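Working notes for the structure below.
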Amino acid sequence: MISNLEQTHGLSTIDLFKLSLRVFRTKPLRTFLTITGMSFGIGTVLFLISLGYGLQYVLIGKLVSTEDSLITLEALYPSETDLNIVQDDLKMIADLPQTAEISPVAEFTGEIKNQDVTGLIMIKIVRANYFRLSGQMPDVGTDFKEAEPAVILSASALKLTGLYDAFLAFREKSLGQKFPFKIFYQSEGKIEVEETKTKEPLTLKGVITDELQPPFALIPEEFLDKKPPFYKKVLVKAKDINSVESLRDKLLEKGFLISARIDLVNQATKVMGIITTVLGVFGVTALIVAAVGMFNTMVVSFLERIFEVGIIKSLGATDTDVRNLFLMESFVMGFSGGVGGVALGMGVGELANLALNILASRLGGKPFDIFITPLWFIGLIIASSSLIGLVAGFWPARRASYLSPKEAFIRK
């Protein structure tokens, strides 16, 4: 190394890197504690930001399970108007230039029967495209397709049939049971009831496992003896995302109340953005504490190595060499802290995901990840930790570069 200084009057990047590793041998405990402190700070930031992203992903995933549901509007008449959606309304909505497709939904009281057990439930009469436009999918099983004699039941409706315990035990294997249905067509405020039934028993195709929802069944319209006399609401898909606003305006002009999933998504994104920012502030606070600890380590390292700096300069090292040596040491520690923090934060997050998935499976729910780390954020956080290392080492490096050999020997 001495001959290298004499020949080139400067240290190469490789020389600086090799010399910076000496701190791991000469001061192993201090270096380990400094890097560990940085790792905990970086890991805290990563953990909290991953939680924010995971919550946002889970929430929006619940709101938008299909792409079409994002540009679909839900239209219905206000309850105080006593108006129902009829075939003329459906034709008018379908003929709007902004409309791509519609899916009317009728809701009536009905009966579900399993052998000698009969239960009173809410019957939702839909078309096959309802699932794609609404974004509501069965938690177990699949939705039904066009011209398929199938039914989707809620967990509460399944309880009425006496098959819920068997479903909990076998889940997908319990699908395939056939149920006949009877539907009672009745207008609000009227006494007359018109009965109809399904043309054939419908095969259980899927189950919505949310036990908080009331008992209901989703059945296809084409398998009823009589079509519904009116509908409660209609799902209207816009031709594209740019047509959503104009379609909403058209429907509002016709007197409909409008609910748009894209509004919920935008509001959820804003709320989760605020939550993620707050979590990030807490994480950055921990990172600042770790950065202060690293700065303290570099200052102490400089004070302990004043005599060493004098020797290096006496052997021909330039001010730039000394400055770069201290900066390289702080960079290596910052980078190591970043890598350790990423490993720590992601490791704890994965353990938390594993624990939540095990708990969800035991409770009969679907597995999900609540800690999600974007790849770009991993790169950003490692680069940030390296930059923090450079910033923490700047002042000691600058002081060391200005130190003359004579002053170093006198101080020693």
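Kindly indicate whether any position in the stretch 158-166 is among the polar types (S, T, N, Q), out of contact with any Asp or Glu (no Cβ under 8 Å at 6 or more places or on another chain) and under 30 Å from GLY255 (Cα atoms).
Looking through the stretch 158-166, none of the residues is among the polar types (S, T, N, Q), out of contact with any Asp or Glu (no Cβ under 8 Å at 6 or more places or on another chain) and under 30 Å from GLY255 (Cα atoms).
Considering every residue within the stretch 321-336, establish whether at least one is within 25 Å of SER384 (Cβ to Cβ), β-branched (Val, Ile, Thr) and either surrounded by 15 or more Cβ atoms within 10 Å (Cβ to Cβ) or in the same structural domain as GLY43 (by TED's automatic domain parsing) (or both).
yes
Could you grab me the full set of residues in the stretch 137-154 that are touching a helix residue (DSSP H, G or I) at 6+ places or on another chain (Cβ under 7 Å) and farther than 17 Å from PHE223 by Cβ?
MET137, VAL140, GLY141
Look through LEU380, LEU390 and report the one residue that is out of contact with any helix residue (DSSP H, G or I) (no Cβ under 8 Å at 6 or more places or on another chain), hydrophobic (A, V, I, L, M, F, W, C) and at pLDDT 80 or above.
On inspection, the qualifying residue turns out to be LEU380.
Test of understanding: among PRO149, PRO228, which residue is assigned by TED's automatic domain parsing to the domain that holds ILE102, over 38 Å from the mean Cα position of the chain (by Cα) and in contact (Cβ under 8 Å) with a residue 60 or more places away in the chain?
Of the residues listed, the single one that is assigned by TED's automatic domain parsing to the domain that holds ILE102, over 38 Å from the mean Cα position of the chain (by Cα) and in contact (Cβ under 8 Å) with a residue 60 or more places away in the chain is PRO228.
I need the full set of residues from the stretch 109-122 which are surrounded by fewer than 20 Cβ atoms within 10 Å (Cβ to Cβ) and not polar (S, T, N, Q), in order please.
Once the filter is applied, which keeps residues that are surrounded by fewer than 20 Cβ atoms within 10 Å (Cβ to Cβ) and not polar (S, T, N, Q), the stretch 109-122 yields GLU111, LYS113, ASP116, VAL117, GLY119, LEU120, MET122.
The values are calculated or read from the model by the stated rules, or taken from the named source; none is laboratory data. Please read all numbers here as calculations on a predicted model, not as lab measurements. So basically every Cβ, Gly included, is an ideal-geometry build from the backbone, and we count neighbours across all protein chains shown.
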